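Only one structure is covered here, and it is reproduced in the block below.
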Amino acid sequence: MSLNDEVPAPQRRRGAALENALLDAAWDELVDRGYTEFTIESVAERARTSRAVLYRRWPTKPELARAAVLHAGRKEQVEIPDTGSLRDDVVELLRRANGLRARLGIMMTLQLSGYYAETGTGPSELRNAFLAGRGTAVDTLISRALERGEVDPAKLSPRVVGVPFDLYRQELLMTLRPVPDDVIESIVDEVFMPLVRPSA
């Protein structure tokens, strides 16, 4: 390239592209440094922008951290399986979540304790915010199972429906590593399916 060739100026980020870049930078800061050392200044530096740009959108550190976690969660959408049976659907859903979101769940435990203390919340608040306004994958799986006659509708309390996912999260948080396939299958076969099958 000759000295007379023009070098294109970098494009200025705007709108959704800018917001995504800011939240990506905020998420990376949380992962690398944890909430305690997370600052709007450090995010601005990583994103190569000014603090004012961040403050206009998220005036406080907790608001920015919360937005970054929700942004990271929404980027890792788990495809809903359709195997033809509830047992296989739940096993496959947990496997997919395990592959995509185990790191997110572990990070939310290890790196956000300061956030929970500062805001008086817990991981369930972030999960509820993430799911707000939309159905969950398990709702779809249960609806299909009801149509196939695989489950007893009288047994489908919210607590029972949530059992495999609660046990999965418990295993994840106790070991701080992805849950092995045999443990996932045990959760579904030994605990969940006996709770929801129609009585003989």
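Scanning segment 40-54 for residues that are open to solvent by 80 Å² or more (accessible area, probe 1.4 Å), under 10 Å from Ala25 (Cα atoms) and part of a helix (DSSP H, G or I) yields Glu45, Arg46.
Would you confirm, using the coordinates I've provided, whether Leu100 is hydrophobic (A, V, I, L, M, F, W, C) and under 14 Å from the mean Cα position of the chain (by Cα)?
yes
Which residue out of Leu104, Leu156 is within 29 Å of Asp28 (Cα to Cα) and surrounded by 14 or more Cβ atoms within 10 Å (Cβ to Cβ)?
Just a single option satisfies the conditions, and that option is Leu104.
Among the residues making up segment 160-177, those that are open to solvent by 60 Å² or more (accessible area, probe 1.4 Å) and at pLDDT 95 or above are Leu167, Glu171. For segment 73-84, the set of residues classified as at pLDDT 90 or above and either within 14 Å of the chain's Cα centre (by Cα) or open to solvent by less than 30 Å² (accessible area, probe 1.4 Å) (or both) consists of Glu79, Pro81, listed by residue number.
Can you name every residue in segment 81-97 that is β-branched (Val, Ile, Thr) and not in a helix (DSSP H, G or I)? Talk me through it step by step, then tell me what you get.
Of segment 81-97, the ones β-branched (Val, Ile, Thr) are 83, 90-91.
Within segment 81-97, just Thr83 meets the criteria.
Based on this model, can you work out whether Asp152 counts as within 16 Å of Arg95 (Cβ to Cβ) and over 18 Å from the mean Cα position of the chain (by Cα)? It is false that Asp152 is within 16 Å of Arg95 (Cβ to Cβ) and over 18 Å from the mean Cα position of the chain (by Cα). Residue by residue through segment 155-179, note down the ones that are in contact with a helix residue (DSSP H, G or I) (Cβ under 9 Å, 6 or more places away or on another chain), of a type outside the set (A, V, I, L, M, F, W, C) and under 18 Å from Val91 (Cβ atoms). Correct list: Gly162, Pro164, Asp166, Tyr168, Arg169, Glu171, Pro178.
Scanning segment 14-32 for residues that are open to solvent by 50 Å² or more (accessible area, probe 1.4 Å) and either touching a residue at least 24 places away in the same chain (Cβ under 8 Å) or in contact with an Asp or Glu (Cβ under 7 Å, 6 or more places away or on another chain) (or both) turns up Glu19, Asn20, Asp24. Of the listed requirements (1) surrounded by 17 or more Cβ atoms within 10 Å (Cβ to Cβ); (2) β-branched (Val, Ile, Thr); (3) under 26 Å from Val69 (Cα atoms), Thr136 misses just one: (1).
Pick from segment 55-80 the residues that are part of a loop (DSSP other than H, G, I, E, B) and touching a residue at least 40 places away in the same chain (Cβ under 8 Å): which of them is nearest to Arg14 (Cα to Cα)? Reasoning before the result, please.
Initial filter on segment 55-80 (part of a loop (DSSP other than H, G, I, E, B)): 58-60, 76-80.
Applying the additional criterion that residues be touching a residue at least 40 places away in the same chain (Cβ under 8 Å) yields 78, 80.
Values: Val78: 28, Ile80: 33 Å.
Filtering segment 55-80 for residues that are part of a loop (DSSP other than H, G, I, E, B) and touching a residue at least 40 places away in the same chain (Cβ under 8 Å), the one nearest to Arg14 (Cα to Cα) comes out as Val78.
The values are calculated or read from the model by the stated rules, or taken from the named source; none is laboratory data. Predicted, not measured: the structure shown is a model, and the values here were computed from it. For neighbour counting, all protein chains shown are included, and Cβ atoms are generated from backbone atoms with ideal geometry for every residue, glycine included. Heavy atoms of the whole protein, side chains included, go into the accessibility calculation; ligands, DNA and RNA do not. Shrake-Rupley method; radii C 1.70, N 1.55, O 1.52, S 1.80 Å.
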